[in-house]
Structure formats: C-alpha cells, structure tokens
Amino acid sequence: MTLHTTLRARAMKRGFRALVRALQRACAYPHPAGHVVRIETHLSVVYLAGRYAYKIKKPVRFDFVDFSTHEARSRSCLDEFKLNRQFAQPLYLGVVPIARRGRSFAFASCGRVAEYAVKMRRFDERGVFSALAARGELAATDIDRLAQRLAQSHRHAPRNPPKHRFGTAECIRAQVQVVLDSLDRQSPGLVPGTLRDWCDVELTRLAGHFDARRTAGFVRGCHGDLHLANVVRRGQDVLMFDCIEFSGALRWIDIVNDLAFPVMDLLAYGQADLACRLLNAWVTATGDFSGLAALRLFVVYRALVRALVAVLKAAESERRGVVPEAARYLRIAKRAAAAQRPFLLLCHGFSGSGKSAASEALAPLIGAVRVSSDIERKRIEALSAPGRAPLPAAAYTGESIDRQYEKLLSSTDALLENGYPVIVDASFLKHVHRARFIELASTHAAPVEILDFQADPARLEQRVRTRLARADSPSDADVSVLRLQFANAQPLTDNESALAIAFDADVPLAEFQTRKYWQALFARVPTSGFLATRSIFRSAPSGSITPTITPRLAPRRP
C-alpha cells in the first residue's frame, strides 16, 4: 500500500467517525428525532431517530464486499432500496443525502453530499425474530407466516441470473471457500479440519445437483441474508428486510440456500422445533423436496457465515480470544455435518382418523420431513402452491392412486438418501403400498414404523363432515369415500403388525401436540438428526445423542 493510499484511508476513517458522531445528534435530522439510537453491524450503521431509521454503509473492505469508495456506498444504498421493496415495501421509503455543514453533517438536499442513507419506516425492534427468539416468544404462527412469505417470494422471484456462474457448483464452492479462508485468517484453528473436509466432500458430491438445479430454474433472485435479525413481526404480518444488495453472486442463489439461513439461525437460538416447522411449512408450500439434498451443506455454510460475522465484529472492538457467538454457530455447523440416521414413519388409518393433524404436530418434535398425500396430489408442478378445489373422480381411480403413491415413494427415497427422517401422511390401507415403502426403508437401512391411528367409526364420520365444511382442507374425502375405505381396507399382516404402534385417535386433536401422546414412538425411533429437538433424548458421555431404545430395522428381503 502506497503512502498516498494510506493517508487517504486514514482521512476517510476520520471523516466517517465525524459523520457517525454528527448523526447521533437530534439536530442532524429534518424532523423530531428524540433520543437517537445507534446500531452498528460489520457493514453498516443504523440510526433510529423518531419515526424513522437511517442506514449508512461503513467504508470497509472484506473478501466478500468493498465499500471503500463513496461511489460504491451510494450505489449500494440505491440497490438496497430498490431490491428490498419487493420484500418489505411498507418499510423502505427512499435514499436521502447527507450534506456537510461546516465541520458537521446533516440530512439536507442542499450543500455538498458527503454520504447517502437508506431511509426506512421505524418498527418495533421487540418484534424482530432474533429478539423474539431470545425471549422465547417466537410463536408457531410467526414461523408459518414466514414460511408462506418466503415460499411466495421464491415462487415469484426473478429466475434468469445475470451471470452464468451465479448458482453453479463452481460458484458455490468458491463462496464456501472464501468463508473458510476468512475464518482461518481471522481466527486460526476455529474451524476444525474435519469440518472443512466434510464441506469439500459434500461440494463434490452435490456438484451435479447444483448445476441441475440451476438449469431447472431454482437459482433465483433471493433475499440472501435471511437470518433472524432481518425478519420482523409487524401486526399480523411478517416482513423480511435488509436483503443482499452488494453482491449478485450472494443474492442469485438456490432457493434452498435462502431457506437454510433462517433454519440455521433457529437452531442457533435453540429452537429446533421451529426450525423443523419452518422447513416443513416451506416444503409444503413449494413441494421442493428434491432441493433438500443440499440443505445440510447450506446450513453449515450459513453457520460459518454468521461465525465469520461474529469474528469480524469482535476484531472491530479489539476483543481477543474465542468469540462465544462464533463458537455457538460452529457448534451448529458441526451438528449439521454429523452423520445422520434416517428413519421412516408411515401413517396408517382411515380418513378422519387425524393422521394429517397428528403427523403435522409430530414432525417438529422429532426433526422429520413430512410428505402429505392430500397436498402433493393437488400440486400441478414444482414450486406451485397446492390447489384447494376438489379434484375430479378420475383422480381417485385405482391407477391414479397407485401413481400418487409412486410420487410419494420418489420423494421419500430422495429424503432418506440424504439422511432425513420422513413421515409419509397417507392412508396406506393397501398392503402393496405399505410393502413398497417398507422395502424402500430396507434399501436405505432405515428403521421403519407404522403409526396405526384408530378411532370409532362414528367419530371418523363426524370429523370427515366437519373437515369438508372447511374451505382450507386439502382432503376431498367425504362419508361415501370413508365407507368405501371401510369395505376395501386390507388389514396389517403379521410382519406389518410387528412394525406398528397403535395410537388412539379418538381424542381431541390438541392431544397430538403433546409429547405424552407420542411416548411409545419416542422409545423406538433413532431420532438424532440435526433438526431433532434434543430434550427428548439422553446424552451419551461423549456429548453425542443416542436414542432411548435401540430401534428396530425394517425387515430386509431374503
């Protein structure tokens, strides 16, 4: 670095420090500001002043971003405003100039412009998801709204990357490598060699998957930075804000890479059940089961990104030693990279037995991905929302039902192959359908259980009638269908009965939400995946997670 460059950098830092001090004074704002609150990240400074918030870019330069010039910072402000309007239009108001006034600065349209700021409508910081999670106040309804928002944004996001390399296997490898190398420079020894090796193996294994996904249109203009501090509850709505604007490569990504960030951050906040709920709600809305092949790698990558952010923030404040926040994210990365033990749960029962409500409640408790027959039957194509209108009778012929089970089998196969526990929500009233899935579990050496939901026929008919009266029910089964099931159902064989756990479904649906209801299952499944809620397991002395009882494997074919 030349002497001239060094002196210019020092002058820029002095000028920025003066700007930072000036904007902490209420007189710098063209409206009543009250007590000005300053929030600083590794890339920006935000000022909360009265009813508004103002965000300025810091003159920093890292491996992944360069804000060292006035032009780069002003361009980034304009891009941030434009891009974030698609995610949180009510919050983003414009880009405003900051003018120099003598030795100070103020927001004004006249005078020499020193910087630009993104102007936002201020919101209640207590509603930010990271704050809600820290207080234990993040609700299931918040997660469901986020999942719908995220799925909708992915469904309608631009899908023609401006550069060919965006979203390719080569680009993803380079992004992971940049984060790993930056962590090694900033905090040598923080990332174990085993984790780096795992990333390399997964990047190689998934290279074809990444390129195929890009070709199929799953690389889109995403948010790119969707950790919990960038999501806010606003009334009955959920808004995503502060998307990536400074790097096309970090924004034009696989939609599952986008999903991985909030999933990872929920895990980091100890909310594994909500992380699994978000995953299931999103995949129910999108049907993108095949994309989950890369979710674990993306979760590791996102955890490494947050660890790097924590290390960089610590370096700015001249803290030394292991940064607790970075260590927390490294634990999440190592947990996601650990060997996974998949298992398969098959729901079995008549319409109205509560299979759907039960499996939906169970999935977050055991870290499983749920595949629903009723929902997938009504999905037209990838990323399309499942339909709600009743299907014609042709959709329920024997051949159509067989094809539907084949579709469910394909999704289940892909999930088991990538280490996910799976719950298949279907009636499974015919032996041939049960046999195909049990055989599949055997192929993957995955334990299998049949969840046999039993209820009084009168209760089943009552539930079917009630369900049909709801506009949001994906099931088309009516009482005539139920009675047809009674007549044609094939009972479990002796071998299938050995795999079955009977559940009394003649209970209020709220019972499915309780852990007590599922105790018989908890004793038999090897739930130790990265999305599993740890409180239902006991820890081995090494700190690894072991199931309470050794599970049974599916019977193998001779």
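Test of understanding: among ALA106, ALA72, which residue is outside any loop (DSSP other than H, G, I, E, B), among the aliphatic types (A, V, I, L, M) and surrounded by fewer than 17 Cβ atoms within 10 Å (Cβ to Cβ)? Break it down stepwise before answering.
Numbers: ALA106 fails: surrounded by fewer than 17 Cβ atoms within 10 Å (Cβ to Cβ).
Every option except ALA72 fails the conditions.
What's the number of the only condition in (1) in contact with a helix residue (DSSP H, G or I) (Cβ under 9 Å, 6 or more places away or on another chain); (2) modelled with pLDDT of 90 or more; (3) surrounded by fewer than 16 Cβ atoms within 10 Å (Cβ to Cβ); (4) within 21 Å of GLU360 (Cβ to Cβ) that ARG465 fails to meet?
(2)
Sort out which residues of region 429-446 are part of a loop (DSSP other than H, G, I, E, B) and open to solvent by 10 Å² or more (accessible area, probe 1.4 Å), and write them in order of number.
Here is the first cut: in region 429-446, the ones part of a loop (DSSP other than H, G, I, E, B) are 429-430, 444-446.
Across region 429-446, the qualifying residues are LEU429, LYS430, HIS444, ALA445.
Show the residue pairs meeting these rules: Cβ distance below 9 Å; 6+ apart or different chains; first residue within region 188-200 and farther than 11 Å from LYS334 by Cβ; second residue in a helix (DSSP H, G or I) and among the β-branched types (Val, Ile, Thr).
Pairs found: LEU190/VAL311; CYS199/VAL176; CYS199/VAL300; ASP200/VAL176.
If you go through region 410-428 one residue at a time, do you hit one that is in a helix (DSSP H, G or I) and over 24 Å from ALA338 (Cα atoms)? Full working, then the answer.
Going through region 410-428, the residues in a helix (DSSP H, G or I) turn out to be 410-417.
Now narrow it down to the ones that are over 24 Å from ALA338 (Cα atoms): 410.
Among the residues of region 410-428, at least one is in a helix (DSSP H, G or I) and over 24 Å from ALA338 (Cα atoms), which makes the answer yes.
Would region 189-207 turn up any residue that is of a type outside the set (Phe, Trp, Tyr), part of a loop (DSSP other than H, G, I, E, B) and either open to solvent by less than 10 Å² (accessible area, probe 1.4 Å) or farther than 15 Å from ALA307 by Cβ (or both)?
Let us first name the residues in region 189-207 that are of a type outside the set (Phe, Trp, Tyr), namely 189-197, 199-207.
Narrowing further to those that are part of a loop (DSSP other than H, G, I, E, B): 189-192, 206.
With the extra rule that they be either open to solvent by less than 10 Å² (accessible area, probe 1.4 Å) or farther than 15 Å from ALA307 by Cβ (or both), the set shrinks to 206.
Yes; the residues of region 189-207 include at least one that is of a type outside the set (Phe, Trp, Tyr), part of a loop (DSSP other than H, G, I, E, B) and either open to solvent by less than 10 Å² (accessible area, probe 1.4 Å) or farther than 15 Å from ALA307 by Cβ (or both).
Consider ALA53 carefully, then state whether it is outside any loop (DSSP other than H, G, I, E, B), among the small types (Gly, Ala, Ser), more than 30 Å from CYS171 (Cβ to Cβ) and within 35 Å of the chain's Cα centre (by Cα). Write out each step before concluding.
Numbers: outside any loop (DSSP other than H, G, I, E, B): yes; among the small types (Gly, Ala, Ser): yes; more than 30 Å from CYS171 (Cβ to Cβ): yes; within 35 Å of the chain's Cα centre (by Cα): yes.
Against the criterion (outside any loop (DSSP other than H, G, I, E, B), among the small types (Gly, Ala, Ser), more than 30 Å from CYS171 (Cβ to Cβ) and within 35 Å of the chain's Cα centre (by Cα)), ALA53 qualifies.
Restricting to region 35-69, give me the number of residues that are open to solvent by 20 Å² or more (accessible area, probe 1.4 Å) and among the basic types (Lys, Arg).
Number of matching residues: 3.
Could you tell me which numbered condition ALA487 fails, if it satisfies all but one of (1) under 17 Å from ALA357 (Cβ atoms); (2) without any contact (Cβ under 8 Å) to a residue 60 or more places away in the chain; (3) not polar (S, T, N, Q)?
In the conditions (1) under 17 Å from ALA357 (Cβ atoms); (2) without any contact (Cβ under 8 Å) to a residue 60 or more places away in the chain; (3) not polar (S, T, N, Q), ALA487 misses (1) alone.
Across region 119-155, what is the number of residues that are closer than 19 Å to LEU383 by Cβ and either part of a loop (DSSP other than H, G, I, E, B) or modelled with pLDDT under 95 (or both)?
Number of matching residues: 0.
Please work out which residue is modelled with the highest pLDDT, limiting yourself to region 491-514 and to residues that are among the acidic types (Asp, Glu) and open to solvent by 70 Å² or more (accessible area, probe 1.4 Å). Can you show your working first?
Just the residues of region 491-514 that are among the acidic types (Asp, Glu), to begin with: 494, 496, 504, 506, 511.
With the extra rule that they be open to solvent by 70 Å² or more (accessible area, probe 1.4 Å), the set shrinks to 494, 504, 511.
Details: ASP494: 97, ASP504: 94, GLU511: 92.
Of everything passing the filter in region 491-514, ASP494 is modelled with the highest pLDDT.
For region 365-399, which residues satisfy the criterion of being of a type in the set (A, V, I, L, M, F, W, C), within 19 Å of GLN148 (Cα to Cα) and outside any loop (DSSP other than H, G, I, E, B)?
Once the filter is applied, which keeps residues that are of a type in the set (A, V, I, L, M, F, W, C), within 19 Å of GLN148 (Cα to Cα) and outside any loop (DSSP other than H, G, I, E, B), region 365-399 yields VAL369, VAL371, ILE375.
Would you please name the residue that is farthest from ARG234 (Cα to Cα), looking only at residues in region 133-174 that are open to solvent by 50 Å² or more (accessible area, probe 1.4 Å) and in contact with a strand residue (DSSP E or B) (Cβ under 6 Å, 6 or more places away or on another chain)?
ARG159
Could you please find all residues in region 221-249 being open to solvent by 20 Å² or more (accessible area, probe 1.4 Å), touching a Pro at 6+ places or on another chain (Cβ under 9 Å) and not in a helix (DSSP H, G or I)?
ARG234, ASP237
Output the number of the condition that GLY34 fails; it satisfies all remaining conditions of (1) modelled with pLDDT of 85 or more; (2) touching a strand residue (DSSP E or B) at 6+ places or on another chain (Cβ under 8 Å); (3) part of a helix (DSSP H, G or I).
Only one criterion in (1) modelled with pLDDT of 85 or more; (2) touching a strand residue (DSSP E or B) at 6+ places or on another chain (Cβ under 8 Å); (3) part of a helix (DSSP H, G or I) is unmet by GLY34, namely (3).
Please pick out the residue among ARG306, ARG277 that is in a helix (DSSP H, G or I), in contact with a Phe, Trp or Tyr (Cβ under 6 Å, 6 or more places away or on another chain), at pLDDT 95 or above and open to solvent by 10 Å² or more (accessible area, probe 1.4 Å).
Details: ARG277 fails: in contact with a Phe, Trp or Tyr (Cβ under 6 Å, 6 or more places away or on another chain).
Matching residue, one of ARG306, ARG277: ARG306.
The values are calculated or read from the model by the stated rules, or taken from the named source; none is laboratory data. Model, not experiment: these values are computed from the prediction. Ideal geometry is used to build each Cβ from the backbone, glycine not excepted, and the neighbour counts take in all protein chains shown. Ligands, DNA and RNA are stripped out before the accessible areas are found, and what is left, the full protein with its side chains, is counted by its heavy atoms. Shrake-Rupley method; radii C 1.70, N 1.55, O 1.52, S 1.80 Å.
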